[in-house]
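Okay, so here's the structure we're looking at.
The values are calculated or read from the model by the stated rules, or taken from the named source; none is laboratory data. Remember, predicted model here, so these are calculated numbers, not experimental data. Glycine gets a Cβ as well: all are built from the backbone with ideal geometry, and neighbour counts include every protein chain shown.
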Amino acid sequence: MIEKYNKEKVSFKDVSSFNLDEYVGLSRGNPIGYQFYMYDKLFRHIDILKGMPICPKGLQRTWRKNAVSTRG
């Protein structure tokens, strides 16, 4: 994906991404978290809009709250 983006053959501006994985108890910027990994390895290298992808928050206390509160 990054290679195609860098060669300007594809854009991700209109992509919605819903990542469903995160380790419970980890903050958004924790370097061992899934979200950090995805930003580091993919999202920061392409033109996906800020606010996308939507990712679960690992610090929520309940699964229901976590499922509802994924943005920002």
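Could you tell me which numbered condition F12 fails, if it satisfies all but one of (1) modelled with pLDDT under 90; (2) assigned to a loop (DSSP other than H, G, I, E, B); (3) of a type in the set (F, W, Y)?
Result: F12 fails condition (1) only.
Does K57 fit the bill of being touching a Ser or Thr at 6+ places or on another chain (Cβ under 8 Å), at pLDDT below 85 and not in a strand (DSSP E or B)? Steps first, answer last, please.
On the way: touching a Ser or Thr at 6+ places or on another chain (Cβ under 8 Å): yes; at pLDDT below 85: yes; not in a strand (DSSP E or B): yes.
Judged against the criteria, K57 is a match.
For V24, all conditions in the list (1) part of a loop (DSSP other than H, G, I, E, B); (2) of a type in the set (A, V, I, L, M); (3) at pLDDT below 75 hold save one; what is the number of the exception?
(3)
Only residues in the range 27-47 that are among the acidic types (D, E) count as the first member; pair them with residues that are exposed (fewer than 13 other Cβ atoms within 10 Å of the Cβ), Cβ under 9 angstrom, at least 6 apart or cross-chain, and list the lot.
From the range 27-47, the pairs are D40/P31; D47/S11; D47/K13.
Please work out which residue is farthest from D47 (Cα to Cα), limiting yourself to the range 1-26 and to residues that are touching a strand residue (DSSP E or B) at 6+ places or on another chain (Cβ under 8 Å) and surrounded by 12 or more Cβ atoms within 10 Å (Cβ to Cβ). Walk me through it before giving the result.
From the range 1-26, those touching a strand residue (DSSP E or B) at 6+ places or on another chain (Cβ under 8 Å) are 16-19; that's our starting set.
With surrounded by 12 or more Cβ atoms within 10 Å (Cβ to Cβ) added as a condition, the list becomes 17, 19.
Numbers: S17: 13, N19: 17 Å.
Out of the qualifying residues, it is N19.
For the range 27-44, which residues satisfy the criterion of being surrounded by 11 or more Cβ atoms within 10 Å (Cβ to Cβ) and part of a loop (DSSP other than H, G, I, E, B)?
First pass over the range 27-44, keeping only residues surrounded by 11 or more Cβ atoms within 10 Å (Cβ to Cβ): 27-28, 30, 33-40, 42-43.
S27, R28, N30, G33, L42, listed by residue number.
Applying the selection to the range 45-61, what residues are of a type in the set (V, I, T) and surrounded by 14 or more Cβ atoms within 10 Å (Cβ to Cβ)? Spell out the reasoning first.
So the first thing to find is which residues in the range 45-61 are of a type in the set (V, I, T), and the list is 46, 48, 54.
Those that are of a type in the set (V, I, T) and surrounded by 14 or more Cβ atoms within 10 Å (Cβ to Cβ): I46, I48.
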